[in-house]
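The values are calculated or read from the model by the stated rules, or taken from the named source; none is laboratory data. In this text, all values refer to a predicted model and were calculated from it rather than measured experimentally. Please note: Cβ atoms are built from the backbone with ideal geometry, for glycine as well, and neighbour counts cover all protein chains shown. The area values use the complete protein model at the heavy-atom level, side chains included, leaving out ligands, DNA and RNA. Shrake-Rupley method; radii C 1.70, N 1.55, O 1.52, S 1.80 Å.
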Amino acid sequence: MPKKLLLLPPLSVSSAFRAPRACPASRPAMNAARTGYRVFSANSTAACTELAKRITERLGAELGKSVVYQETNGETRVEIKESVRGQDIFIIQTIPRDVNTAVMELLIMAYALKTACARNIIGVIPYFPYSKQSKMRKRGSIVCKLLASMLAKADSFFFLLLVLLFLFYFTGLTHIITMDLHQKEIQGFFSFPVDNLRASPFLLQYIQEEIPNYRNAVIVAKSPDAAKRAQSYAERLRLGLAVIHGEAQCAELDMDDGRHSPPMVKNATVHPGLELPLMMAKEKPPITVVGDVGGRIAIIVDDIIDDVESFVAAAEILKERGAYKIYVMATHGILSAEAPRLIEESSIDEVVVTNTVPHEVQKLQCPKIKTVDISLILSEAIRRIHNGESMAYLFRNITVDD
């Protein structure tokens, strides 16, 4: 007898070839308040996780379980040790000395979290690296040239911006929290929200509470470029303002910064009838201090303190003009190379920076370095973003020049 065939009901095309269900990260958010959140550190070293631990303590949460390490061949490996499906993830990345490795750690962790179906991925980068390289100097390339050669150039500010834009499009980064960008216009390079928080309220509080007789102080800008920031501090503290202008004569940088370029060429061919107006060579006057600092406390304010030679030179000038105590205050204390030794041997009495950048080693080398904790504002920013609350409260009484 012929065998009976078991006939099954036909499958519809839609059921047979239905696409796999998308991760929650790819769906529009329906109820943000009902999802959880986790905070991860993109670097596993003790110095870099210190800020992340302070933030999670203020939030009443635990630091996310992950491992970030370097392979023997130099490659970065990230392992997420817990489920993050459907949650808002905040990656805290403080920038140690190896800036490029820190960027890769952030990129790889963001991608790992996206593949683990995180709902939103927010980068918390208190100090935004490469931010000082935001202007074309000397014979540097313009943006179009930079875009064409970005794969071959890793030492450019715009290259980093493109990397971070890559984070958004391919690894799922949807938001960035940072602090005191060197140039506020940097926010315009991103197509997703960037919250540029300010450290000035914490530094102003330090001046009022930790500097004795601060009413006898004067706020100092070590160059005209920093005058707006110094003026903002002076107005809120009701103090005087001084600006250091000029430079030491016969400086070695005179021939390097392009102000005498192009050099004079003998027997140069000039087109007949072409007579260009004679241009005066750019020259800065000798160093002068605009404002009275005699018998006062001088407080130099800036956003970044890295190579400290200019701060040391400014302190010497202020000392010559009669200032009896000198403080330097900045948001980001990178303090590279011989900075601790130079500060210790200088006329500077105290350097006050926030903990946006790890500098515990520098503090051991120089007791003049003091730290102001800014984890409070970062933790509040995380809480507000997760709950969908306005960030305006964090910018109250903040001026444009901060």
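What about VAL361, is it buried (at least 23 other Cβ atoms within 10 Å of the Cβ), within 30 Å of VAL39 (Cβ to Cβ) and at pLDDT below 95?
No.
I'd like the residue in segment 188-202 that is buried (at least 16 other Cβ atoms within 10 Å of the Cβ) and polar (S, T, N, Q) and, out of all such residues, is farthest from ILE125 (Cα to Cα).
Result: SER200.
Please work out which residue is modelled with the lowest pLDDT, limiting yourself to segment 45-70 and to residues that are surrounded by fewer than 20 Cβ atoms within 10 Å (Cβ to Cβ) and closer than 12 Å to THR101 by Cβ.
Ranking the candidates gives THR45 first.
Here are the criteria: (1) outside any loop (DSSP other than H, G, I, E, B); (2) at pLDDT below 95; (3) farther than 21 Å from THR178 by Cα. Tell me which single one ALA337 does not satisfy.
Answer for ALA337: the failing condition is (1).
Taking segment 83-126, which residues are touching a strand residue (DSSP E or B) at 6+ places or on another chain (Cβ under 8 Å), of a type in the set (D, E, K, R) and part of a loop (DSSP other than H, G, I, E, B)?
ARG119
Quick check on my filter: what residues within segment 314-326 are closer than 9 Å to ILE297 by Cα and open to solvent by 10 Å² or more (accessible area, probe 1.4 Å)?
So in segment 314-326, the residues closer than 9 Å to ILE297 by Cα come out as 323-326.
Across segment 314-326, the qualifying residues are TYR324, LYS325.
Of these, LEU376, LEU394, which one is assigned to a helix (DSSP H, G or I), open to solvent by less than 60 Å² (accessible area, probe 1.4 Å), in contact with a helix residue (DSSP H, G or I) (Cβ under 8 Å, 6 or more places away or on another chain) and within 22 Å of TYR233 (Cα to Cα)?
Values: LEU376 fails: open to solvent by less than 60 Å² (accessible area, probe 1.4 Å).
From the options LEU376, LEU394, the qualifying one is LEU394.
Residues of segment 71-80 being open to solvent by 50 Å² or more (accessible area, probe 1.4 Å) and among the β-branched types (Val, Ile, Thr), which ones?
Within segment 71-80, just THR72 meets the criteria.
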